[in-house]
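Novice: Here it is, the structure, as structure tokens.
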Amino acid sequence: MKFKINPTLVGFIKKEFVQTLRDPRMRFLLLVAPIVQLTLFGYAISTDVNNIKISFVYKPNDVLMQKIEDRCYHSGWFIPAPHEDANPFHLIQSGQADAALIAPEGGLTRALEKGNARVQLLVDAENITKAQSAEGYLQAIVGEAVEEQTHLKPPAPPIQFAVRYLYNPELQTSVYMVPGVLCMVLVIITVVLTSSSISREKELGTFEALIASPAKPIEILMGKTVPYVIFGMVDMFLVLIVAVLLFHVPMRGPLWMLFVGALGFVINTVCLGVFLSSFVKNMQQSAMFGFLFIFPAIQLSGLIYPIENMPWILKPIAYIDPVFYFVALLRNIMLKGGDLGLFATYAGILYAMAIFMVWVSSKRFRQTLN
């Protein structure tokens, strides 16, 4: 049987290739963006747990605890937490520390000599993997320090750990992941819907009618954004109910903190949707540009992988990502009760970003109208 080439089909295929690759924006999305994303995430994504922030509480003359602290910092697994606040509970609640090792009253060195050595380990169990890794690392380091101190290899662990997992004592994965997923849902809804709304106007040809209308640019912009800010806040309320009732995620902080932070975040993402829509001509490009932002924003936010493990060159990108601040804020409010200092800092950053995004998106939108 002789195979015949369908000239009509070949013509359609050629047309689609030419039409798609004619636009430089589509060429970038199809050929450059995948390489950039793969390179970026190949360096950023790591399941190794290191740079765990740890605080030590002991008396200055406790030689063994000093040795354990030094070994922790030289291991590459731990970094020192701030020492301005002597309360280890507050350090962990505010996110300044991931773990705290507390020596017994008379000192660990003396307790080991008496044969009743016992230390208390406080661990932030918000991230289960990090909490379990911190405990395992410390067990190994303490064993090596004791062996060096006594010059003996004990048959059993010479120091007992009284481990207390804070904020997620049952080590449930959903308690850690659901607040992050809640944030991810808000990003997708607000960015995609806002960008699609404006790009749909362009694709259908009704955007020219908006330009010709007597409405001012600021009125058109607010008319295209305010509804999606309201939709975002309503969705925030709905998914919060599902998170608490269905997945049993605790809500330990005040609701006003949550909604103040959420409003700043939603304004950011809605304005970002407007900004992205100013570069596209149709809904296909809008979807591609939305994905180009959403995927990196989620991966570099600390939602799945802690940013402490990322190379230093990528950390500045994470620190300008509004998703990073809202994820941290959401988890702190829901799981830890909402540290006022962390709330003021992160909410302030979100609103500063929101003001900047309102200015940038409105300027771009006016240029599009003109």
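Novice: Among the candidates Pro322, Pro296, single out the residue that is in contact (Cβ under 8 Å) with a residue 40 or more places away in the chain, buried (at least 23 other Cβ atoms within 10 Å of the Cβ) and under 30 Å from Lys130 (Cβ atoms).
Specialist: On the way: Pro296 fails: buried (at least 23 other Cβ atoms within 10 Å of the Cβ).
It is Pro322.
Novice: Could you check the range 339-352 and list, in sequence order, the residues that are of a type outside the set (S, T, N, Q) and within 17 Å of Phe265 (Cα to Cα)? Break it down stepwise before answering.
Specialist: Step one: list which residues in the range 339-352 are of a type outside the set (S, T, N, Q), which gives 339-344, 346-352.
Hits for the range 339-352 are Leu342, Phe343, Ala344, Tyr346, Ala347, Gly348, Ile349, Leu350, Tyr351, Ala352.
Novice: Please verify whether the range 181-201 includes one or more residues that are in contact with a helix residue (DSSP H, G or I) (Cβ under 9 Å, 6 or more places away or on another chain) and farther than 20 Å from Gly290 by Cα.
Specialist: Restricting attention to the range 181-201, the residues satisfying the condition of being in contact with a helix residue (DSSP H, G or I) (Cβ under 9 Å, 6 or more places away or on another chain) are 181-201.
In the following step, the residues that additionally are farther than 20 Å from Gly290 by Cα were identified as none.
No.
Novice: What number of residues in the range 252-268 are out of contact with any Pro (no Cβ under 7 Å at 6 or more places or on another chain) and either closer than 15 Å to Ile189 by Cα or at pLDDT below 90 (or both)?
Specialist: The qualifying residues number 4.
Novice: Taking helices (runs of 4 or more DSSP H) that do not extend beyond the range 289-370, which have at least 3 residues that are modelled with pLDDT of 90 or more and either touching a Pro at 6+ places or on another chain (Cβ under 9 Å) or in the same structural domain as Leu255 (by TED's automatic domain parsing) (or both)?
Specialist: Values: elements: 315-319, 322-336, 340-369.
Here the list reads 322-336, 340-369.
Novice: All but one of (1) at pLDDT below 85; (2) surrounded by 15 or more Cβ atoms within 10 Å (Cβ to Cβ); (3) over 19 Å from the mean Cα position of the chain (by Cα) hold for Pro34; which doesn't?
Specialist: The number of the failed condition is (2).
Novice: Now for a separate question. For the range 299-309, give me each residue that is crowded, with 21+ Cβ neighbours inside 10 Å and either in contact with a Lys or Arg (Cβ under 9 Å, 6 or more places away or on another chain) or not polar (S, T, N, Q) (or both). Steps first, answer last, please.
Specialist: Of all residues in the range 299-309, those crowded, with 21+ Cβ neighbours inside 10 Å come to 300-303.
Passing the criteria: Leu300, Gly302, Leu303.
Novice: Restricting attention to the range 265-288, report how many residues are surrounded by 24 or more Cβ atoms within 10 Å (Cβ to Cβ) and in contact with a Leu (Cβ under 8 Å, 6 or more places away or on another chain).
Specialist: Number satisfying all stated conditions: 7.
Novice: Can you pull out the residues in the range 88-108 that are β-branched (Val, Ile, Thr) and buried (at least 20 other Cβ atoms within 10 Å of the Cβ)? Outline the logic, then answer.
Specialist: Let us first name the residues in the range 88-108 that are β-branched (Val, Ile, Thr), namely 92, 102.
Once the filter is applied, which keeps residues that are β-branched (Val, Ile, Thr) and buried (at least 20 other Cβ atoms within 10 Å of the Cβ), the range 88-108 yields only Ile92.
Novice: I'm told Lys281 meets every condition in (1) at pLDDT below 80; (2) assigned to a helix (DSSP H, G or I); (3) within 25 Å of Arg364 (Cβ to Cβ) except one. Can you identify the failing condition by its number?
Specialist: Looking at each condition in turn, Lys281 falls short on (2).
Novice: Pairs under 6 Å by beta carbon, first residue at pLDDT 85 or above in the range 65-91, partner surrounded by 12 or more Cβ atoms within 10 Å (Cβ to Cβ) and among the aromatic types (Phe, Trp, Tyr), six or more apart or different chains?
Specialist: Pairs that qualify, where the first residue is at pLDDT 85 or above and the partner is surrounded by 12 or more Cβ atoms within 10 Å (Cβ to Cβ) and among the aromatic types (Phe, Trp, Tyr), are Met65/Tyr58; Glu69/Phe56; Cys72/Phe78; Trp77/Tyr137.
Novice: In the range 355-370, what residues are small (Gly, Ala, Ser) and surrounded by 21 or more Cβ atoms within 10 Å (Cβ to Cβ)? Lay out the reasoning, then the answer.
Specialist: From the range 355-370, those small (Gly, Ala, Ser) are 361-362; that's our starting set.
Listed by number, the list holds a single entry, Ser361.
Novice: Okay, next question. Looking only at the range 232-251, decide whether some residue is in contact with a Gly (Cβ under 9 Å, 6 or more places away or on another chain) and either under 16 Å from Thr190 (Cα atoms) or among the polar types (S, T, N, Q) (or both).
Specialist: No.
Novice: Can you spot a residue in the range 339-347 that is of a type in the set (Ser, Thr, Tyr) and within 17 Å of Leu263 (Cβ to Cβ)? Write out each step before concluding.
Specialist: Applying the first criterion (of a type in the set (Ser, Thr, Tyr)) to the range 339-347 yields 345-346.
Adding the requirement that they be within 17 Å of Leu263 (Cβ to Cβ) leaves 345-346.
Yes, that holds for at least one residue.
The values are calculated or read from the model by the stated rules, or taken from the named source; none is laboratory data. These numbers come from a predicted model, not from an experiment. Neighbour counts run over all protein chains shown; Cβ positions are idealised from the backbone, glycine included.
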